[in-house]
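Q: Quick one: structure below, then a few questions.
The values are calculated or read from the model by the stated rules, or taken from the named source; none is laboratory data. As the structure is a prediction and not an experimental result, all values here were calculated from the model. Heads up, the Cβs are rebuilt from the backbone with ideal geometry, glycines too, and the neighbour counts pull from every protein chain shown. Protein only, heavy atoms only, side chains kept; ligands, DNA and RNA dropped before computing areas. Shrake-Rupley method; radii C 1.70, N 1.55, O 1.52, S 1.80 Å.
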Amino acid sequence: MTFPVIGVVGGGQLARMMAPCAVALGFELRVLAEASHVSAVKAVSRAPVRDYRDLSTLRAFAEGLDVMTFDHEHVPTGHLHTLIGEGVNVQPHPDALVYAQDKLEMRAADERLGLPNPAWTAVSTVEELVAFGDRIGWPVVLKTPRGGYDGKGVRVIDDAAAAAAASDWFTGTPLLAEDKVEFSRELSALVARRPSGEAKPWPVVHTIQVRGVCDEVIAPAQDLPAEVAEAAQRAALRLAEELGVTGVMAAGLFEAPGTGEGFVVNELAMRPHNTGHWTMDGCVTSQF
């Protein structure tokens, strides 16, 4: 008898937490680790340490897998398209993953789908940033579209002088500038979607950040109006459907009472998420 083999690119906490659930479900889990000391290495039987940015490494790792998935969003999508062309089952598909990789793509998708979005634009120069701030009002938030997470790659720009001081961020690649949302707290709407299109949400939770990193989750979010919670779940489910997500997706939200739906979308993650760890003990079916 053979069992399905899942390969996870990335050997962090999420891959480690997948391991016992995979065993319980009868799956073999393999991990492509970025370093020998990462946490998933000791939790699985196969954990080669290689560079996930190298196509030949990904190709070798894919041998013998039934599906390849991720515990982070940083694998080059071009490599993933190549693997798919060679017959590798990659989930989620890179055409969906790009919306978690690139915040400019995510903002454009939110706008296209009519979901709650702050005012935003792509900026390539200090002058464009100043024009945006003058148009919508200061302060604004400047973000690197790719690579930023847990508070990294984010800078609050209070005025034109602060914009000039951020000139070192402009290296030829467009950045994301967006309105600094006045929010009461951060929320997370977690959903799971099958390749068939069946999708289910978990309850919307309140997330508490410390220095840009999620430190505590209150599930479900307390004193959240039912209509806001339902709208947040609908938004996450619609994103998952329209973007073609498979597996788990977390939509990070800012609660903004008195505005539109009562929240705006902040960011997306297309994998298990630290705001969903509570599901391991708090739900019949956890995110893993």
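Q: Given Cβ point charges of +1 (Lys, Arg) and -1 (Asp, Glu) and nothing else, what value in debye, to the nearest 20, does the dipole of the chain about its Cα centre take?
A: Value, rounded to 20: 840 debye.
Q: Can you give the extra length, in nm with one decimal, that the chain gains between Gln91 and Arg146 once fully stretched, where that is 0.36 nm per residue apart less the Cα-Cα distance?
A: That pair, Gln91 and Arg146, stretches by 17.8 nm at full extension.
Q: Moving to a separate point now. Which residue fluctuates most in the GNM of the chain (Cα springs below 10 Å): Ala231, Ala131, Ala256?
A: Ala131
Q: What nm value, rounded to one decimal, do you get for the distance between Leu113 and Glu230 when each label is placed 7 Å out toward the C-beta?
A: 1.9
Q: At 1.4 Å probe size, with no ligands or nucleic acids counted, give the accessible surface of Trp169 in Å², nearest ten.
A: Only protein atoms counted, so the area is about 60 Å².
Q: Want the number for Asp215 to Val284: 0.36 nm per residue separation, take away the alpha-carbon distance, what's left?
A: Gain in length upon complete extension: 22.5 nm.
Q: Rounded to the nearest 10 Å², what accessible area does Leu190 show when all protein chains are kept and the probe is 1.4 Å?
A: Here the residue's solvent-accessible area equals roughly 10 Å².
Q: Roughly how many debye, to the nearest 20, is the charge dipole of segment 134-191 about its Cα centre, given +1 on each Lys and Arg Cβ, -1 on each Asp and Glu Cβ, and no other charges? Show your work: numbers first, answer last.
A: Working: 7 positive and 9 negative charges, 45 e Å.
With only Lys, Arg, Asp and Glu charged at Cβ, the dipole is about 220 debye.
Q: Determine the order of Phe183, Phe170, Phe3, Phe263 by accessible area, beginning with the largest, at a probe radius of 1.4 Å.
A: Working: Phe183 90, Phe170 35, Phe3 115, Phe263 5 Å².
Descending accessible area places them as Phe3, Phe183, Phe170, Phe263.
Q: Add -39500 (n - 2.57) for each DSSP H run of 4 or more in the chain, then divide by its residues: what number comes out at 222 nm, to the nearest 500 deg cm²/dmol?
A: Result for the chain, helices only: -9000 deg cm²/dmol.
Q: Grab the other residues whose beta carbon is less than 14 angstrom from that of His206, score K and R as +1, D and E as -1, and report the net.
A: -4
Q: In the neighborhood of Gly137, defined by Cβ-to-Cβ distances under 14 Å, what is the net charge if each Lys or Arg adds +1 and each Asp or Glu adds -1?
A: Details: positive: Arg135, Lys180; negative: Asp134, Asp158, Asp159, Glu178, Asp179, Glu182.
Spelling it out: positives minus negatives among the neighbours equals -4.
Q: Between Thr171 and Glu241, what is 0.36 nm times their sequence separation minus the Cα-Cα distance? Round to one decimal in nm. Please report the intermediate quantities before stating the final value.
A: Numbers: separation 70, 0.36 × 70 = 25.20 nm, distance 3.46 nm.
Gain in length upon complete extension: 21.7 nm.
Q: Same structure again: Below 13 angstrom from the Cβ of Thr2, what's the summed charge of the other residues (Lys, Arg +1; Asp, Glu -1)?
A: Cβ neighbours under 13 Å give a net charge of -2.
Q: Further, regarding this structure: Distance in nm between label sites at Val49 and Glu182, each 7 Å beyond Cα in the beta-carbon direction?
A: In this crude spin-label approximation the distance works out to 5.1 nm.
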